[in-house]
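This report concerns only the one structure given below.
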Amino acid sequence: MHKVVSIEDLEGSKNKTLTCKVEENIDGINALTPISADLTFRSLGDFVEVQGNVKGIVKLECDLCLKEFEYNLDFDIDELYAKHALIEGSEESGQEFEIKDGQFVTDLNGADEIDIYDLLYQSVILNLPNKKVCGINCNGGDKFSKEEEMSDPRMDVFKNIKIEDNK
């Protein structure tokens, strides 16, 4: 069962703030250790702010040599959830809230809880590197040697091209 934070419990808590520590094995993420997170949930009127830190070790496949390697996760979460549906042009609440650079607002669509498992899954996926490389000195291994690159017979036609200077 997924761990959740109830909006009702958050609203009834001291300073409208809840903290939790979570360790989860997340389906779809090849983790060598459970993904751990220290999270703080804060009610801010029509919004819930989630801040914290996520750590863990995942196994990735190198994009160059295709070998598996360990990748250490260690990143911060700073997410906003809208308690009620966000409709463009709607100014019912009149509440203004500054959205920081790189921050997204997730609409809860009236849901009365936040799924921590889903939050962790999305955060981990978004914080994996775009280009997965096992190390700074990875050259792609034997699979991509320069000799193979240059031995393509279709490229032979370019070996004998002569360029004349017509000045």
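The values are calculated or read from the model by the stated rules, or taken from the named source; none is laboratory data. Worth saying up front: this structure is predicted, and the values here are computed from it rather than measured. Neighbour counts run over all protein chains shown; Cβ positions are idealised from the backbone, glycine included.
A few remarks follow.
- Flag for Gln103 being modelled with pLDDT of 90 or more, polar (S, T, N, Q) and not in a strand (DSSP E or B): no
- Checking each residue in segment 40-67 for being surrounded by 16 or more Cβ atoms within 10 Å (Cβ to Cβ) and β-branched (Val, Ile, Thr) picks out Val48, Val50, Val54, Val58.
- Cross-chain or 6+ apart pairs with Cβ under 9 Å, segment 33-55 first and over 16 Å from Lys21 (Cα atoms), then outside any strand (DSSP E or B) and of a type in the set (Ser, Thr, Tyr): Ser43/Ser13; Gly45/Ser93; Asp46/Ser93
- Residue match in segment 54-73 (condition: at pLDDT below 90, closer than 30 Å to Gly135 by Cβ and within 18 Å of the chain's Cα centre (by Cα)): no
- Any pair with Cβ under 8 angstrom, 6 or more apart, that starts in segment 126-137 at a residue that is farther than 17 Å from Glu68 by Cβ and ends at one that is not aromatic (Phe, Trp, Tyr): Asn127/Val54; Asn127/Leu73
- Residue in segment 26-41 that is within 13 Å of Tyr117 (Cβ to Cβ), touching a Pro at 6+ places or on another chain (Cβ under 9 Å) and among the β-branched types (Val, Ile, Thr) present: yes
- Residue among Gly12, Gly28 that alone is under 17 Å from the mean Cα position of the chain (by Cα) and surrounded by fewer than 13 Cβ atoms within 10 Å (Cβ to Cβ): Gly28
- Screening Tyr121 on (1) farther than 14 Å from Ala37 by Cβ; (2) surrounded by 15 or more Cβ atoms within 10 Å (Cβ to Cβ); (3) at pLDDT 90 or above; (4) not β-branched (Val, Ile, Thr) shows it passes everything except condition (1).
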